[in-house]
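Take a look at the structure set out below.
Nothing in this text is a laboratory measurement; each read-out follows from the coordinates by a stated rule. All figures in this text were calculated on a predicted structure; none of them were measured in a lab. Please note: Cβ atoms are built from the backbone with ideal geometry, for glycine as well, and neighbour counts cover all protein chains shown.
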Amino acid sequence: MVMATSLLLGACGSGMDAGREADTASVIGKSDIKIADGRMTPEALWAFGRIGEMAVSPDGKRVVYTVGYYSVPENKSNWEVFVMNADGSDNRQVTHTPYSESGVTWIKGGTKIAFLCSESGSGQLWEMNPDGSGRKRLSNFEKGVEGFAFSPDGKKVLFISQVKTVKSTAEKYPDLDKTTGLVITDLMYKHWDEWVTTAPHPFIADFDGNAVFNPVDIMEGEPFESPMKPFGGIEQLAWNTTSDKVAYTSRKKVGKEYALSTNSDIYVYDLNTKRTVNMTEGNMGYDTNPKYSPDGKSIAWLSMERDGYESDQNRLMVMNLESGEKTFVSEAFDSNVDSYCWSADCERLYFTGVWHGESHIYQIDLKDGNKITRLTEGMYDYASVALLGGDRLVALRHSMSMADEIYAVTLSSGHEVTQLTFENKHLYDQLTMGKVEGRWMTTTDGKRMLTWVIYPPHFDPSKKYPTLLFCEGGPQSPVSQFWSYRWNFQIMAANDYIIVAPNRRGLPGFGMEWNEAVSGDYGGQCMKDYLTAIDEMAKEPFVDKERLGCVGASFGGFSVYWLAGHHDKRFKAFVAHDGIFNMEMQYLETEEMWFANWDMGGAYWEKQNAIAQRTFANSPHKFVDQWDTPILCIHGEKDFRILANQGMAAFNAAVLRGVPAELLIYPDENHWVLKPQNAILWQRTFFEWLDKWLK
C-alpha cells in the first residue's frame, strides 16, 4: 500500500505562530509547587517533570531530550524539547508550545533537530534549529507518523504508521453507517486497551532536505504488525550503514496463531531488490530491537529462545553478516539484557541489565571471549544507554528516591559518573526522602532473598509504624530501584508507612532458576516468600505487627486476592489493583494466550495436566470463604489484559461475605492509571483506605 501524500513546502507561517500564541494559556510547563513539611503528596508527585527520549548530536557535543509536564487542573500533559552541551552546560528549553513534541533526533549533520508533533492535527514529522527557531513541517501523511529514523545518508526516512487490517461493520453494511458493533471471527480482536482494527507498518519515504514524500509500505498487503504492539516503537527497526537495507521486527501471525505464539523474527528488507529475508528463522522465541554495527559487518538484536514464554531470558545476539554466524554474546550474564548500543570501534557492546535488584551498565568485550564487565555501581537503575562521543556513555538513571535524570559515564577514568540534568532539583530541595535499604532474608526453602525496606522520613526507631507488604506485578518484573508515579514508595513512606518489597520467587536478576520458579506455581513458593518478608520485618520493634497491610497490582493484585484467603490474620487491610480474582475466567478472558498457557500451565479443562490443575486449584476466588479483612479493589474498564469484571467480582464477593470493601472503577483507564486527575484520585483513595484501617 502506498499512502496518499502531498508535500508541505516552507516554514510555519505567521498564522500558525499566531495560533500557537493565542493558545499560550494551555501550555504546561515546569511546576512551581510549594511543598509543605517536606513530605511527598500526590500533587507534588505529579508536578515532577518526566524526562523522555534523548539523542546525541553526530559530533558528540550536544544532547537533545524531551520532558513531559502534567497539569492536574487541566487533566492533560505536554512534552517539550531541551538542548544542552554534552557536559550538561548551557541547558535550555527550546520549545514552548501547547503541542507535545517527541521522538527527537539530530539530522543534517547536527544542524537541525527532527521531531514528531501533532500541531497539524495528526502526528507529523517536523524539523527546527537547535535553538527552536526555523520550525518547519516535513510530512503530511494521511495516517500520521508514530516513530521515525533517517537513513545514514540523510536521503530517506523510515517511519511507522497504522494500516487498516480489519474491515469495519459499516463497510460490510453501508446502510448501518452509525453502528458500533464489531463482528469477531478470530482471537486477538483486542490487545491491552484497544480493539484491534489496525496494525503498525514500516514505511520508507524519500527526503530531499525540505520535505518527505513517496512513502512505500515495505509490508504492503500483510496483516501483520511491525513494530509489535503494545510497546514496540522505532527501536524495533534499524537502517544499515549504507542506507539500502532496513531490519525490522515482526511476528508474522494473526488471530489464534498470534494469540498462542511469541515467535517474532528480525526481517531485512532490501531497498534495491524489494526482497525481504528472515534473519532469525529457526529461533522460536521473541527476536527484537536490531542494531547494525558502525562498520556494517554485523547486526545485533535481543532474543528469547522459547516460544510462548514472554519472560524467557532476553539474550544479546550478534550475527556476522558475511558468514551468517550467530553468537550469544551475553551468555555470561544470567539475567536479561534491556537496552544496548555498539562501541564506535565495534569491539564492544554496552548494555543495561538487572542483577540483585539494581539495573547497571555492563560492557561486553567481543575481542576477549565476550568478557562482561560491570561499569556502574550504586543503588540505582540505569536505562537507555547510548554513546556520548569519545569515551563516554549517556544514560537515564533513577532510583526509589529519584526520578529519571540524564547521566554521563566516562569510561577512561574509572567509570566516573556525572549528572547532566537537574530537572526536578527544585522539588527534591523541598522534599525529605525516606531511607532505602536492602535486607537479605532466608526463605522457607533455605534460599537467600533480597528485600527492599523503605522507611518514613524522620524515621524514629523508638516508635511503632504501620507497615505495607508490596506485591510486585509481572509476574516476572524486577523489584529493582524503580521510580513509579503510582506505586511510588516514597509517597507511601511520606504517609508514615514502612514498605517491605521482596524480590520473591519469579523475578529476574537472581538467575534464571529463580526467575522461572513462579510459572505454574502461582500459589506456591512465591507466596511463602511474601510471608517470609513480612514476618521477618514484623520481628522488628519499630514495626507494629497489629497494623500490617498488603498492596499490589496485576500479579501483585492476584497476590493480594490470594493472600486475603491465606494470611492467617496477619494483615488488617488489603489493596488490589487490576488483579486476577478468578483464574478460570482469566484464562478465557485475556488476549495473549501464550502467557496464560505458559504461566498457568494450560487450560483448566485439561484434567490430566497436573500443573494446570494446581494453578486453577489456587484461584483466589476459591478461598473467599476465608476472607475476613477489609479490601479495596481498583480496576480500569479499558484493561483488556485482566478484565474489570475481575475487580468487580472480588468486590462483590467481599460485600456478600460481609467483609468491609470498596471499589474504585475507572471507565476510561487501562491496566494503568494515566490521566492526572484519575491518578490523584487513586492516591487519595489508596491512602484514605489504608489510614482508615491501619491508623
## Note on the structure
note: the range 276-365, Cα-Cα separations exceeding 22 Å make up a percent value of 25 percent
### Efficiency of FRET between E331 and D668 - r from beta-carbon atoms, R0 56 angstrom, step 0.05
0.80
### Cα coordinate range in the range 416-542, projected on the principal axes (Å, largest first)
47, 38, 28
## Note on the structure
Counting only backbone N atoms under 19 Å from a point 7 Å out along Cα-to-Cβ of S413, the residues of the range 47-78 in range are 60-63
#### Entry: For peptides 292-305, 176-189, sequence by mean Cβ density within 10 Å, most packed first
292-305, 176-189
### Query
For D295 and R657, what does the FRET efficiency come to when R0 = 45 Å and r is the distance between their Cβ atoms, rounded to the nearest 0.05?
0.10
### Query
Can you tell which of L388, T41, H577 lies farthest toward the positive end of the dipole of the chain, using +1 and -1 charges on the Cβ of basic and acidic side chains (Lys, Arg; Asp, Glu)?
T41
### Global form of the range 624-695, assessed from the alpha-carbon gyration tensor, a/c cut-off 1.5
oblate
### Message
Given R₀ = 56 Å, what would the calculated FRET efficiency be for T373 paired with E142, taking r from the Cβ atoms and rounding to 0.05?
### Response
0.70
### Student exercise, the range 559-598 dipole from Lys, Arg, Asp, Glu Cβ charges, in Debye to nearest 20
440 debye
### Query
In terms of Cα to Cα distance under 25 Å, which lysines are near enough to K607, apart from those fewer than 8 places away along the same chain?
K256, K622
### Query
Based on the mean of other beta carbon atoms within 10 Å per residue, what is the order of 433-440, 485-492, most packed first?
485-492, 433-440
### Query
Just how large is the dipole of the chain about the Cα centre, in debye to the nearest 20, putting +1 at every Lys and Arg Cβ and -1 at every Asp and Glu Cβ?
760 debye
### Task
Would you calculate the separation in nanometres between label points at D153 and F231, each defined as 7 Å from the Cα along the Cα-to-beta-carbon direction?
3.6 nm
#### Entry: Spin-label zone in the range 525-556 - amide nitrogen under 13 Å from a point set 7 Å from the Cα of K569 along the C-beta vector
546
### Task
Classify the range 207-349 as rounded, prolate or oblate from the Cα gyration tensor: take a ≥ b ≥ c as the square roots of its eigenvalues, call it rounded if a/c is under 1.5, otherwise prolate when a/b beats b/c and oblate if not.
oblate
### Task
For each pair in K164/K245; K425/K695; K167/K675; K30/K463, compute the distance between the two Cα atoms and list the pairs where it is over 29 Å.
K425/K695; K167/K675; K30/K463
### Query
What full-extension length gain, to one decimal in nm, is calculated for S484 and T180 as 0.36 nm per residue of separation minus the Cα-Cα distance?
105.8 nm
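According to the square roots a ≥ b ≥ c of the eigenvalues of the Cα gyration tensor, what is the shape class of the range 498-625, taking rounded for a/c under 1.5, prolate for a/b larger than b/c otherwise, and oblate for the remainder?
prolate
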### Query
What is the extension gain from S168 to A617, computed as 0.36 nm multiplied by their sequence separation minus the C-alpha to C-alpha distance, in nm to one decimal?
157.6 nm
